[in-house]
């Protein structure tokens with residue numbers, strides 16, 4: 001028997017695992033998270049600034065001009081038109097910090113952004129399907145136990161908790177059945193994609209900030225769903241909108257935090273702990289350290305109410 005797995009339980013368990021196990025991710029997606037985060041780390045550490053990478057452009061024209069200047073290959077995304085989404089890949093003739101790096105870009109107004117990130121992810125899945133089914137069985141068993149321990153979905157009734165726990169135990173059994181052979185693993189591959197619900201396709205620069213740029217293109221990033229939604233509500237809602245003459249928008253420390261954080265707490269004390277972990281991922285320089293200091297002060301102010309809004313760099 002197959003179930004449509006409960007998304008809230010999946011999202012909360014993914015966040016629980018990430019917080020308690022050193023920012024770990026569900027293995028079917030782990031390579032993608034790591035690849036994307038390492039691409040950012042390399043660029044920011046080498047250049048000693050978060051402004052090393054653009055996160056959005058006024059239109060596809062500016063994106064393609066940047067790609068041409070930096071000698072980025074433009075590649076299609078399977079199943080999607082280049083008028084809606086594309087991938088840039090750093091060529092060996094281009095600047096060192098972008099060599100081999102891949103970034104997914106979409107037209108900000110397009111509703112195909114999740115299709116774009118999933119299609120890109122599907123070209124990078126690591127490990128055999130058979131092994132992934134075994135890992136998925138372990139994952140669903142862990143999730144069922146987290147439900148039983150009331151570590152997640154804390155406000156649901158006991159009856160619903162029991163039902164959800166039974167469903168995830170049953171799905172764990174389904175995954176083990178699928179792991180019996182390569183043939184059964186391939187036949188049951190669709191079961192694995194249910195666990196992709198823990199991933200959000202995030203507009204690195206939130207779309208509301210781009211309201212005055214109707215033809216904007218923006219980088220898409222894989223992020224944990226719960227952290228992304230909290231960040232949008234607590235932080236991005238307070239970001240100033242970009243003006244119509246803005247041609248390129250760059251990364252900054254606060255925007256980058258969203259792409260690394262396992263969760264996004266609502267109080268300054270917990271936010272500082274998350275920021276500490278984020279900062280420790282980098283080999284900091286004097287220049288990067290100054291950006292971290294400013295970002296921490298802004299983040300704390302946004303959460304305690306002493307800062308009403310914040311500005312992100314563009315030109």
inquiry  = Please pick out the residue among 236, 148, 215, 138 that is closer than 30 Å to residue 55 by Cα and free of Cβ contacts under 8 Å to residues at least 60 places away in the same chain.
reply    = 236
message = Please list, ordered by residue number, the strands (runs of 3 or more DSSP E) wholly in the range 30-115 having 3 or more residues that are surrounded by fewer than 16 Cβ atoms within 10 Å (Cβ to Cβ).
response = 72-75
remark   = Reported set for the range 147-181 where residues are surrounded by 13 or more Cβ atoms within 10 Å (Cβ to Cβ), on the phi < 0 side of the Ramachandran plot and outside any helix (DSSP H, G or I) is 151, 152, 156, 179
query = Being assigned to a helix (DSSP H, G or I) and farther than 17 Å from residue 5 by Cβ, is that true of even one residue in the range 209-222?
reply = yes
inquiry  = So if I check each of 310, 292, 242, 278, which one is outside the structural domain of residue 217 (by TED's automatic domain parsing) and either buried (at least 17 other Cβ atoms within 10 Å of the Cβ) or at pLDDT 85 or above (or both)?
reply    = 310
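The values are calculated or read from the model by the stated rules, or taken from the named source; none is laboratory data. Quick caveat, the model's predicted, so the values are computed rather than measured. Note that we place each Cβ from the backbone using ideal geometry, even for glycine, and neighbour counts take in every protein chain shown.
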